[in-house]
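See below for the structure under consideration.
The values are calculated or read from the model by the stated rules, or taken from the named source; none is laboratory data. Since we're looking at a predicted model, the values are computed, not measured. In this analysis, Cβ positions are derived from the backbone assuming ideal geometry, glycine residues included, and neighbour counts consider all displayed protein chains. Heads up: the accessible areas ignore ligands, DNA and RNA and are worked out on the full protein's heavy atoms, side chains in. Shrake-Rupley method; radii C 1.70, N 1.55, O 1.52, S 1.80 Å.
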Amino acid sequence: LPVHCLEVHKTAGENQPFRLHYHDYIELLYGLEGNAEVKIGERQCTMHPGELVIVNAREAHAVACPLGETKYYVIKFL
């Protein structure tokens, strides 16, 4: 499919430390609940509910939840 949408739930400690990976498609990460730490290459930011993070194709990235729980959408564009 040209567009794929997932709802992701993470709890504290999952994917710690960051496990960088990449894809051949663009990803949009949209925060729904809680906060998530997003690492893209050498940059790192906190994604809060209502915020959008764009990950370019073939860009190494990872998402982690250091505290509590988080929920976010992943929208993939081929």
Point to revise | Solvent-accessible surface (1.4 angstrom probe) belonging to GLU37, in square angstrom, nearest 10 | key: 40 Å²
**Study point:** Anchor LYS76: aspartates and glutamates whose Cα lies under 17 Å away (excluding residues fewer than 8 positions away in-chain)
**Key:** GLU7, ASP24, GLU27, GLU51, GLU59
Review point. Got the relative contact order for the chain handy, in percent, Cα pairs under 8 Å and 6 or more residues apart?
Key: 50 percent
Exercise for review: Quote the accessible area belonging to LEU32 in square angstrom, nearest 10, computed with a 1.4 Å probe and with ligands, DNA and RNA left uncounted.
Suggested key: 50 Å²
**Study point:** Computed label-point distance, nm, for sites ARG58 and TYR25 using a 7 Å Cα→Cβ extension
**Key:** 1.8 nm
Exercise for review: Please give every one of the lysines within straight-line cross-link reach of LYS10, meaning a C-alpha to C-alpha distance under 18 Å, and leave out same-chain neighbours fewer than 8 residues apart.
Suggested key: LYS39, LYS71
